[in-house]
Amino acid sequence: MNKIDTPHSFTADAVRAHKDGEPPKEAGGKLNPTALQIASQYRRDTMSPVMVSGTLRLAEFALLVLAGIGVSLWYVGAPVAISLQYLVTILSGGAIAVILLELSDGYRMSFLRRPGAKLGRLTLIWAGTLALIALAAFFLRISEDYSRVWFAGWFVTGLMALMVLRLVMARLIVRWARNGTMERRAVIVGGGKAAEALIRSLEREPANDIRICGIFDDRDNTRSPPVVAGYPKLGTVEELVEFARMARIDMLIVSLPLSAQARVLSMLKKLWVLPVDIRMSAHSSELRFRPRAYSYIGSVPLLDIFDKPINDWDSVAKRVFDIVFSLLGIILFSPVMLVTAIAIKLDSKGPVLFMQKRHGFNNEEINVYKFRSMYADQCDPTAKQAVTKGDPRVTRVGRFIRKTSIDELPQFFNALNGSLSLVGPRPHAVAGQTRNRLYHEVVDGYFARHKVKPGVTGWAQINGWRGEIDSDEKIRMRTEYDLHYIENWSLLFDLKILFLTPIKLLKSENAY
């Protein structure tokens, strides 16, 4: 049964309460008990179908290459098997097969769920791959250099490897779909008949990977029914922000007519701070945009409004980047960190390291490590009182390591364990203030900084916006640079920031 046909673990009492029009009761912050109960079921991360199919591409390429090398080692012997000519042919064959499978939609979930029904196409693609290689060898007049038995053996072993892998993958996909490991979690924003029509359209899609977690609407029950197509209305758009963070929602689908421009803009202004894809339902809209403006769930068209930044394979590339350069940083700066630890211990009593609660990805609290730069009995874990020039709480060693940013070096370990990235918006303390106002009270959309992991260094810092935040302008400018980074992210941009950091920070006059 399609996941969307049955609301996930909605209790009968919860639905009954919504039908009876009971007002939501506050629990766990802004969320009412029903929303809190449902959100708690989705706290763990899921696997993206894009990541699953991408991993399968790599696995199939590797299997075909191993099959080719294995047969050649068995039949023609090691000297020939590892020759450049054979290796190039084997690598080319694996790559061509993956490309042909991609062009024939062989990595779509509908294809992967039914490997038995697609066996003929799989065989044809692999046969076509080897036919192309044989044709190329013929025209290059090198066909006599290859063993015919090896060629036939590679065809058989390669096909068997593909079949077995796809049968195993089909069973895993079914299991992951049932237990919620592989799905895209979605929330419908806006209720009524438009939301019901959208849900029914999604229900008719046979290969749908969307799990609807609930509906949020600002309208009361007289204008927006408390239950739509079996899904309860869980709260207002204001409450949706907390629900989406807690339930790790992947997509918000706005089911409102574009004619309700004021309502749509008001909702988007509240929702764009979330690290999710935001789509607008277009299946019943009479307006038509360029094809590139749309994405589809099956045949249901959605208008792309916002995309989750640094998603899927981009996130994998950035994580690899963090691990590699964090290890290099730890190795390179280990003598500096050792000398700093000794100096701190000799200069004042107390631990060498200082831990502080800061905002991380998706607004979650994380523990960030620094070298202690203040006297132990005067440390401020909440950062409620910003460090100022000549601050008596800072030790002699502390002044130097803060000025040179050596106090930040332990954050290489944060980046290595994944709570920080090497490059990103700098994590601010959870109680950080400027002139007795929390940062999000000063900057509209401040929490959009948390759509990606915070970083050890960032675009704002190398542009001079670091150190004491003693004015509204400083936190506004930091946020502006952070949002520019998020919107323009690339690995090259990360490299640029990383290599500019030591040059720019040493010239900074704003750190005390």
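The values are calculated or read from the model by the stated rules, or taken from the named source; none is laboratory data. This is a predicted model, so every value here is computed, not measured. Ideal geometry is used to build each Cβ from the backbone, glycine not excepted, and the neighbour counts take in all protein chains shown.
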Could you identify the single residue in Val52, Val98 that is hydrophobic (A, V, I, L, M, F, W, C), modelled with pLDDT of 85 or more and either touching a strand residue (DSSP E or B) at 6+ places or on another chain (Cβ under 9 Å) or not in a helix (DSSP H, G or I) (or both)?
-> Val52
Of the residues in region 200-237, those that are in a helix (DSSP H, G or I) and either small (Gly, Ala, Ser) or buried (at least 22 other Cβ atoms within 10 Å of the Cβ) (or both) number 2
Which pairs have Cβ atoms under 6 Å, sit 6 or more apart or on different chains, and link a residue in region 356-373 that is in contact (Cβ under 8 Å) with a residue 12 or more places away in the chain and assigned to a strand (DSSP E or B) to one that is surrounded by fewer than 17 Cβ atoms within 10 Å (Cβ to Cβ) and among the acidic types (Asp, Glu)?
-> Lys357/Glu365
Scan of region 311-355 for residues that are outside any helix (DSSP H, G or I) and under 30 Å from Gly54 (Cα atoms), ordered by number | Asn311, Asp312
Selection within region 193-247 - without any contact (Cβ under 8 Å) to a residue 60 or more places away in the chain, touching an Asp or Glu at 6+ places or on another chain (Cβ under 8 Å), of a type outside the set (A, V, I, L, M, F, W, C) and over 19 Å from Lys270 (Cα atoms) = Ser224
The number of residues in region 434-455 that are of a type in the set (Lys, Arg) and under 14 Å from Lys308 (Cα atoms) is 3
Considering Leu167, Leu135, Leu159, which residue is loosely packed, with under 14 Cβ neighbours inside 10 Å and more than 31 Å from the chain's Cα centre (by Cα)?
-> Leu135
For region 377-393, does any single residue satisfy the condition of being buried (at least 20 other Cβ atoms within 10 Å of the Cβ) and either touching a helix residue (DSSP H, G or I) at 6+ places or on another chain (Cβ under 8 Å) or under 25 Å from Thr501 (Cα atoms) (or both)?
-> no
Criterion: among the small types (Gly, Ala, Ser) and assigned to a loop (DSSP other than H, G, I, E, B) - qualifying residue of Gly116, Gly120, Gly93, Gly128 | Gly116
Selection count where residues are under 14 Å from Thr236 (Cα atoms) and of a type in the set (A, V, I, L, M, F, W, C), scope region 167-212 | 3
Of the numbered conditions (1) modelled with pLDDT under 90; (2) not in a loop (DSSP other than H, G, I, E, B), Glu286 satisfies every one except a single condition; which is it?
-> (2)
Among the candidates Ser147, Ser201, Ser143, residue that is of a type in the set (Ser, Thr, Tyr), outside the structural domain of Gly94 (by TED's automatic domain parsing) and on the phi < 0 side of the Ramachandran plot = Ser201
